[in-house]
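Enquirer: First the structure, then my questions, so here it is.
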Amino acid sequence: MHGTDDQGARLCPNCRSPLKAETFEGIELDICETCAGIWFDMGELRRLMGSEQHALIKTEDRVKPSGKPPMERSDAPRLCPCCRQPMEPYRYMHASFIWLDGCQRCSGIWADDGELQLIEEWLLNRSQRVAACPEDLAALDAYATEHQRLMDQKRAMVEVMKWWKMRVRM
Ligand SMILES: [Zn+2]
Ligand SMILES: [Zn+2]
C-alpha cells in the first residue's frame with residue numbers, strides 16, 4: 001500500500017530525506033537512500049518476513065547508507081512519514097531487545113539501518129534456544145542483556161546531548 005498520502009513526499013523520520021519507493025519480494029517499501037532506514041506500512045514487515053528465508057537480511061543488504069550526512073539523530077521527535085505525527089518507541093515482539101519506532105495512528109514501523117539484521121539474528125537465536133543447552137541459554141541471555149544495556153546507553157546519550165545543546169543555547 002503506497003501513495004495514500006497526498007501531502008507531498010514521505011520523509012525519513014531519521015534524517016528527513018525524501019523516501020524512495022522500492023519493491024522487495026513483491027512488497028513496496030519506502031527506503032531512505034541517505035541513512036538506509038526502511039519504512040513499513042502496516043503489516044508489511046510481517047509480509048516481508050513471511051516471504052522467504054532471510055528476507056530481512058537480503059533487504060538490509062540492498063539498502064545501504066549513502067554515507068553523506070552523519071547518522072546523528074536530531075533533537076526533534078521522529079515523525080511518521082505518513083501521518084507526520086511523533087512516533088513511539090516500539091519494542092519488537094515485546095520480548096526482544098530491539099527497539100523500532102512505531103506510529104500508533106497508522107501502525108507503520110520504522111527500522112533504522114541494521115535493525116532488520118538484528119531482528120533476523122534475534123529470531124534465529126530464539127529458535128536455537130529450544131535446542132540449546134543451559135550454558136548456551138545463559139550466554140544468550142547475557143548477550144541480550146548486554147545488548148539492551150548498549151541500546152539504553154545510546155538512548156541515554158541522545159537525552160544527554162539534548163540537555164547539553166539546550167544549555168549551550170542559554
Ligand atoms: Zn534517512
Ligand atoms: Zn502514521
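Please treat every number below as a calculation from the coordinates, not as lab data. Just so it is clear, the model here is predicted, and its values are computed rather than measured. With ideal geometry, Cβ positions are generated from the backbone for all residues, glycine too; neighbour counts draw on all protein chains shown.
Enquirer: Sort 116, 45, 123, 11 so that the residue with the fewest other Cβ atoms within 10 Å of its own Cβ comes first and the one with the most comes last.
Expert: Ordered by Cβ neighbours within 10 Å, fewest first: 123, 11, 45, 116.
Enquirer: Give me 47, 10 sorted ascending by neighbouring Cβ count inside 10 Å, so fewest comes first.
Expert: Ascending Cβ contact count within 10 Å gives the list 47, 10.
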